[in-house]
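What follows is one structure encoded as structure tokens, with my remarks underneath.
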């Protein structure tokens with residue numbers, strides 16, 4: 001009898017070891033496209049440039065978009081995916097490695113207790129975070145906080161006044177659209193005939209975007225009307241994907257003009273031509289003519305991203321990490337022999353550098369590191385940086401240039417105009433905010 005029991009146990013064990021692991025097969029699907037799969041977990045190697053359908057999109061308190069896929073999260077427009085629970089650990093504790101169905105950042109004067117909070121929807125639950133900390137008594141049932149809104153949502157986006165009559169949340173589930181009024185708690189069901197079903201949505205730079213597959217459409221939050229040439233490819237406008245797609249010259253120019261990805265550097269040369277650098281690409285503007293290309297094609301020794309660029313006496317000084325590359329402006333641009341040289345040797349300063357600019361007819365390079373501005377006399381030998389002042393009223397500057405109108409400081413997708421470097425450092429209030437894509441590059445959408 002004991003022999004039979006032992007044989008039976010061995011047989012059961014061998015069968016269990018031979019059986020396929022359905023859990024692993026469900027969660028690691030490397031041979032399938034990265035579409036709308038909620039089962040991408042810890043072992044997944046996600047490539048945002050491979051073409052994927054995001055589960056949810058939301059902007060954090062600093063305006064940085066978060067793109068959710070499975071239990072992973074992309075922060076901003078470039079960089080690797082990280083596990084969502086590294087930033088929002090409670091999503092795992094309550095939901096055991098689940099995906100995020102929908103997300104948005106609340107903007108509501110009518111609900112100050114919820115203003116600027118990030119909301120995440122997972123199946124039947126809603127989580128409220130403020131500054132990456134889960135609020136007390138959350139998660140809650142969706143029906144408790146948003147009565148009349150169904151579970152298992154596809155997308156959500158905030159619509160503050162005056163875009164909507166009252167502060168409103170727009171929820172998407174299949175082809176069903178729900179407008180939830182934060183003041184009255186009333187739900188209006190809408191029909192957006194010209195829009196595809198949204199798998200993600202977010203409000204960015206005062207525009208509303210519906211993501212579907214790896215494309216997006218800009219829409220009117222009241223009528224759902226889609227105007228302009230849509231859908232467009234997400235990887236062209238919301239991602240840094242240098243080798244994606246074959247495009248015409250005009251398509252390359254439009255992408256760089258209208259991209260929502262922040263600039264790395266910008267400068268204006270002695271003739272007034274503007275050079276803007278973003279990821280692996282650059283856009284140049286001479287008069288009313290635009291040109292776009294890869295950095296590697298025009299500045300082959302540089303290869304890709306730059307940290308800062310300034311123009312001085314017919315040359316472009318391009319700073320990358322702790323090196324300086326110098327090119328003589330022309331067609332083509334000529335790389336100067338002996339470069340790159342160490343940043344410390346050329347400008348007397350250690351990297352990294354956030355921005356740099358030289359104003360016309362001057363020989364002072366203004367170097368921005370964090371919120372400190374250093375002056376470097378380019379005619380001096382050796383060149384020694386002198387602390388000029390600070391820009392405590394500004395967030396981290398991404399790029400800057402100096403032209404006839406003064407200093408243009410670029411922060412994210414906006415820029416601010418100052419009459420001079422001194423005015424920029426002494427300013428007590430922020431000047432008018434302008435959109436980079438429209439104000440600098442003439443994008444019409």
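The values are calculated or read from the model by the stated rules, or taken from the named source; none is laboratory data. Treat the numbers as computed from the prediction; the structure is a model and nothing was measured. Quick reminder, even Gly has a Cβ in these numbers, built from the backbone with ideal geometry, and neighbours come from all protein chains shown.
Considering the range 108-121, the residues that are at pLDDT 85 or above and farther than 19 Å from residue 148 by Cβ include one that is surrounded by the most Cβ atoms within 10 Å (Cβ to Cβ), namely 120. If only residues of the range 41-51 that are assigned to a loop (DSSP other than H, G, I, E, B) and out of contact with any strand residue (DSSP E or B) (no Cβ under 6 Å at 6 or more places or on another chain) are counted, the one that is modelled with the highest pLDDT is 47.
Taking the range 203-307 and the helices (runs of 4 or more DSSP H) fully enclosed by it, the elements with 3 or more residues that are surrounded by fewer than 20 Cβ atoms within 10 Å (Cβ to Cβ) and on the phi < 0 side of the Ramachandran plot are at 249-258, 295-298.
When each of 288, 307 is tested for being in contact with a strand residue (DSSP E or B) (Cβ under 7 Å, 6 or more places away or on another chain), free of Cβ contacts under 8 Å to residues at least 60 places away in the same chain and not assigned by TED's automatic domain parsing to the domain that holds residue 180, the lone residue that passes is 307. State yes or no: is residue 332 surrounded by fewer than 16 Cβ atoms within 10 Å (Cβ to Cβ), under 19 Å from residue 285 (Cβ atoms) and in contact with a helix residue (DSSP H, G or I) (Cβ under 9 Å, 6 or more places away or on another chain)? Considered against the rule, which asks whether it is surrounded by fewer than 16 Cβ atoms within 10 Å (Cβ to Cβ), under 19 Å from residue 285 (Cβ atoms) and in contact with a helix residue (DSSP H, G or I) (Cβ under 9 Å, 6 or more places away or on another chain), residue 332 comes out as yes.
Would you call residue 428 over 26 Å from residue 270 (Cβ atoms), assigned to a strand (DSSP E or B) and over 23 Å from the mean Cα position of the chain (by Cα)? Here the answer is no, as residue 428 does not meet what is asked.
The set of residues in the range 363-376 being out of contact with any strand residue (DSSP E or B) (no Cβ under 6 Å at 6 or more places or on another chain) and surrounded by 13 or more Cβ atoms within 10 Å (Cβ to Cβ) consists of 363, 369.
For the range 431-440, the count of residues that are without any contact (Cβ under 8 Å) to a residue 12 or more places away in the chain and within 19 Å of residue 262 (Cβ to Cβ) is nonzero.
Quick check: is even one residue across the range 404-420 more than 22 Å from residue 310 (Cα to Cα) and either in a loop (DSSP other than H, G, I, E, B) or out of contact with any strand residue (DSSP E or B) (no Cβ under 9 Å at 6 or more places or on another chain) (or both)? No, because not a single residue in the range 404-420 is more than 22 Å from residue 310 (Cα to Cα) and either in a loop (DSSP other than H, G, I, E, B) or out of contact with any strand residue (DSSP E or B) (no Cβ under 9 Å at 6 or more places or on another chain) (or both). Hey, any hits in the range 348-358 for a residue that's without any contact (Cβ under 8 Å) to a residue 12 or more places away in the chain, in the same structural domain as residue 264 (by TED's automatic domain parsing) and either under 24 Å from residue 240 (Cβ atoms) or surrounded by fewer than 21 Cβ atoms within 10 Å (Cβ to Cβ) (or both)? No; the residues of the range 348-358 include none that is without any contact (Cβ under 8 Å) to a residue 12 or more places away in the chain, in the same structural domain as residue 264 (by TED's automatic domain parsing) and either under 24 Å from residue 240 (Cβ atoms) or surrounded by fewer than 21 Cβ atoms within 10 Å (Cβ to Cβ) (or both). Among the conditions (1) closer than 29 Å to residue 185 by Cα; (2) in contact with a strand residue (DSSP E or B) (Cβ under 8 Å, 6 or more places away or on another chain); (3) at pLDDT 85 or above, the only one that residue 74 does not satisfy is (1). Does residue 427 satisfy the criteria of being closer than 25 Å to residue 298 by Cβ and surrounded by 13 or more Cβ atoms within 10 Å (Cβ to Cβ)? It is false that residue 427 is closer than 25 Å to residue 298 by Cβ and surrounded by 13 or more Cβ atoms within 10 Å (Cβ to Cβ). So which residues in the range 396-409 are within 11 Å of residue 372 (Cα to Cα) and surrounded by fewer than 18 Cβ atoms within 10 Å (Cβ to Cβ), if there are any at all? 396 - this is the single residue of the range 396-409 that is within 11 Å of residue 372 (Cα to Cα) and surrounded by fewer than 18 Cβ atoms within 10 Å (Cβ to Cβ). Scoring residue 376 on the criteria (1) more than 27 Å from the chain's Cα centre (by Cα); (2) assigned to a loop (DSSP other than H, G, I, E, B); (3) within 24 Å of residue 343 (Cα to Cα) leaves a single failure, condition (2).
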